[in-house]
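In what follows, a structure is listed as structure tokens, so that the remarks can point back to it.
A short reminder: the numbers here are calculations on the coordinates, not readings from a lab. Only a predicted model underlies this, so the values are computations on that prediction, with no experimental measurement involved.
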């Protein structure tokens with residue numbers, strides 16, 4: 001969540017999110033400011049050198065939620081916020 005307190009949504013597939021209120025760029029996966037010079041995988045390896053991949057830093061519930069969001073939502077083309085897919 002950005003400092004302005006505005007909730008943001010994203011997913012593991014779309015980790016870079018921008019708050020539509022304050023324009024802060026965040027990493028949804030790592031819950032931190034966007035790591036411009038590193039990929040999520042590089043951040044994972046730096047934080048957990050013995051782990052093999054990015055999914056190891058996510059709980060099973062977080063992985064399931066990220067997958068559900070990817071399947072059932074899409075990014076609004078205007079504000080980049082996740083919205084429900086409704087086919088129209």
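Subtracting the Cα-Cα distance from 0.36 nm times the residue separation, let me have the gained length for residue 32 to residue 68 in nm, one decimal.
Extending this stretch completely gives an extra 10.8 nm.
Rounded, prolate or oblate: which one fits the stretch 16-84, using the alpha carbon gyration tensor with axes a ≥ b ≥ c (rounded when a/c is under 1.5, else prolate when a/b beats b/c, else oblate)? Please list the in-between numbers first.
Values: a/c = 2.89, a/b = 1.37, b/c = 2.11.
Taking the square roots of the gyration eigenvalues as a ≥ b ≥ c, the stretch 16-84 is oblate.
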